[in-house]
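The values are calculated or read from the model by the stated rules, or taken from the named source; none is laboratory data. Only a predicted model underlies this, so the values are computations on that prediction, with no experimental measurement involved. Here the Cβ positions follow ideal geometry from the backbone for every residue, glycine too, while neighbour counts run over all protein chains shown. Only protein heavy atoms, including side chains, enter the accessible area calculation; ligands, DNA and RNA are left aside. Shrake-Rupley method; radii C 1.70, N 1.55, O 1.52, S 1.80 Å.
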Amino acid sequence: MAGRGKRKAAFRSSESKNPVAEDGKKNRGENSSIPEELRQEVRDLYKLQMPEDFYHFWEFCEKQDPENPCEALKSSLGLRLVGPYDILAGKHKATKRSEPNYLLHWRYFYDPPEFQTVINGDSETQHHLGYFSLLLSRRLKEMGNRSQSSVLKELETKLTTVAKKLGYSLEQKTKEMKQRDRKVATRTFHGAGLVVPIDKTGVGYRELPETDGSLKKICKAIVEAPTDEARIKAFAPIQEIITYVQFANDECDYGMGYELGIDLFCYGSHYFHKVVQQLLPLAYKLLKRHLFAEIIEVHLVNRNWNDLDQLTV
């Protein structure tokens, strides 16, 4: 996926039954001043509850640019607050689009259902992320211009001060992330790994009969097949794995179909969309992650590199 748009882990809660970010489950510091009716509007439109740090970060950006918080990081880092932040900014009330789909709002081509974009960069690289403090640190190391460097250092100081006051960690891996890593059943093509419920007897996940490397070779052979006949033949190993997935689902090892579906989605070719449609919605429903099933279904129908902003015509 190199060169096709970069992602950083957003507010991920992703694999829990209730899609609320792990950090959002704990009330760190004081609550932000965002009114409850606005929070409810975000929940209604996105069908999930954003963590408290999401609102604290909005307040931080409001202090940097009271007139336009969404652009508060534009001059220093080339970043803009998007997605659910557009609701806080009231942009959804001014849209001329008749029926914006918020499940697709700033959902990029390679974004799995668990990923929620809240910040983006330039449209050419399609760089987008959830948190930006680590990016800020890297930019400072790369910066040669002293005047620009001083702007970033000032921003970093402000962010660090606010984060410390509210009890948020700016480490690359927080305590919650480390706890999640210990629960990861398999890494998958996107590298973040999947977490599925596994009981004491090991029921919940079984390995694919192919390694990541061999599965990528199978996918490559399908995509680069010279003829339809050759492509059908190249699909045989995938069909065999799907048979294993069906057996796994019957025996409550739902993680297998989840893994294969995510891997094929991440490979990115439209040749796999029908198979992903067959695998992922079912896997999410079996895992009781119904919102993610809804997201993947609508995303596969509308998966493209453009039309990311659902609020513009």
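Please specify each residue of segment 70-84 satisfying the condition of being in a helix (DSSP H, G or I), of a type outside the set (D, E, K, R) and either at pLDDT 95 or above or closer than 27 Å to Leu48 by Cα (or both).
Of everything in segment 70-84, just one residue is in a helix (DSSP H, G or I), of a type outside the set (D, E, K, R) and either at pLDDT 95 or above or closer than 27 Å to Leu48 by Cα (or both), namely Cys70.
State whether the residues of segment 179-188 include one that is more than 24 Å from the chain's Cα centre (by Cα), exposed (fewer than 12 other Cβ atoms within 10 Å of the Cβ) and either not aromatic (Phe, Trp, Tyr) or not in a loop (DSSP other than H, G, I, E, B) (or both).
Within segment 179-188, not a single residue is more than 24 Å from the chain's Cα centre (by Cα), exposed (fewer than 12 other Cβ atoms within 10 Å of the Cβ) and either not aromatic (Phe, Trp, Tyr) or not in a loop (DSSP other than H, G, I, E, B) (or both).
Tell me whether segment 298-307 contains one or more residues that are open to solvent by less than 10 Å² (accessible area, probe 1.4 Å) and in contact (Cβ under 8 Å) with a residue 60 or more places away in the chain.
yes
Do you know which residues across segment 218-248 are over 25 Å from Arg206 (Cα atoms) and among the basic types (Lys, Arg)?
If the condition is that a residue be over 25 Å from Arg206 (Cα atoms) and among the basic types (Lys, Arg), then Arg231, Lys233 are the ones that fit.
Applying the selection to segment 226-249, what residues are under 31 Å from the mean Cα position of the chain (by Cα) and either open to solvent by 50 Å² or more (accessible area, probe 1.4 Å) or free of Cβ contacts under 8 Å to residues at least 24 places away in the same chain (or both)?
The answer is Ala234, Phe235, Ala236, Gln239, Glu240, Thr243, Tyr244, Gln246, Phe247.
Conditions tested, residue by residue: (1) in a helix (DSSP H, G or I); (2) at pLDDT 85 or above; (3) closer than 30 Å to Lys288 by Cα.
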residue: Asp86; (1), (2), (3): yes, yes, yes
residue: Gln116; (1), (2), (3): no, yes, yes
residue: Ser123; (1), (2), (3): no, no, no
residue: Leu134; (1), (2), (3): yes, no, no
residue: Ser137; (1), (2), (3): yes, no, no
residue: Gly144; (1), (2), (3): no, no, no
residue: Val162; (1), (2), (3): yes, no, no
residue: Ala192; (1), (2), (3): no, no, yes
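Run Asn101 past the list (1) under 21 Å from Leu280 (Cβ atoms); (2) buried (at least 16 other Cβ atoms within 10 Å of the Cβ) and report the number of the one that doesn't hold.
(2)
When you go through (1) modelled with pLDDT of 90 or more; (2) assigned to a helix (DSSP H, G or I) one by one for Glu67, which number turns out not to apply?
(2)
Among residues belonging to segment 210-225 that are of a type outside the set (Ser, Thr, Tyr) and open to solvent by 70 Å² or more (accessible area, probe 1.4 Å), point out the one that is nearest to Asp250 (Cα to Cα). Walk me through it before giving the result.
Applying the first criterion (of a type outside the set (Ser, Thr, Tyr)) to segment 210-225 yields 210, 212-213, 215-225.
Filter again for open to solvent by 70 Å² or more (accessible area, probe 1.4 Å), leaving 216-217, 220, 224.
Values: Lys216: 26, Lys217: 28, Lys220: 30, Glu224: 33 Å.
Only one residue tops the list, namely Lys216.
Does Leu104 count as at pLDDT 95 or above, within 13 Å of the chain's Cα centre (by Cα) and on the phi < 0 side of the Ramachandran plot?
Values: at pLDDT 95 or above: yes; within 13 Å of the chain's Cα centre (by Cα): yes; on the phi < 0 side of the Ramachandran plot: yes.
In short, yes.
Across segment 250-262, what is the number of residues that are surrounded by fewer than 17 Cβ atoms within 10 Å (Cβ to Cβ) and either of a type in the set (Asp, Glu) or assigned to a helix (DSSP H, G or I) (or both)?
2
Quick one: would you say Val196 is surrounded by 15 or more Cβ atoms within 10 Å (Cβ to Cβ), under 16 Å from Leu264 (Cα atoms) and not small (Gly, Ala, Ser)?
On the way: surrounded by 15 or more Cβ atoms within 10 Å (Cβ to Cβ): yes; under 16 Å from Leu264 (Cα atoms): no; not small (Gly, Ala, Ser): yes.
Judged against the criteria, Val196 is not a match.
Test each condition in (1) at pLDDT 85 or above; (2) over 17 Å from the mean Cα position of the chain (by Cα); (3) among the charged types (D, E, K, R); (4) open to solvent by less than 60 Å² (accessible area, probe 1.4 Å) for Glu156 and report the one that comes out false.
(1) is the only condition that Glu156 fails.
Considering Tyr267, Tyr284, which residue is out of contact with any strand residue (DSSP E or B) (no Cβ under 7 Å at 6 or more places or on another chain) and surrounded by fewer than 22 Cβ atoms within 10 Å (Cβ to Cβ)? Spell out the reasoning first.
Values: Tyr284 fails: surrounded by fewer than 22 Cβ atoms within 10 Å (Cβ to Cβ).
Step by step, each of Tyr267, Tyr284 is checked, and only Tyr267 is out of contact with any strand residue (DSSP E or B) (no Cβ under 7 Å at 6 or more places or on another chain) and surrounded by fewer than 22 Cβ atoms within 10 Å (Cβ to Cβ).
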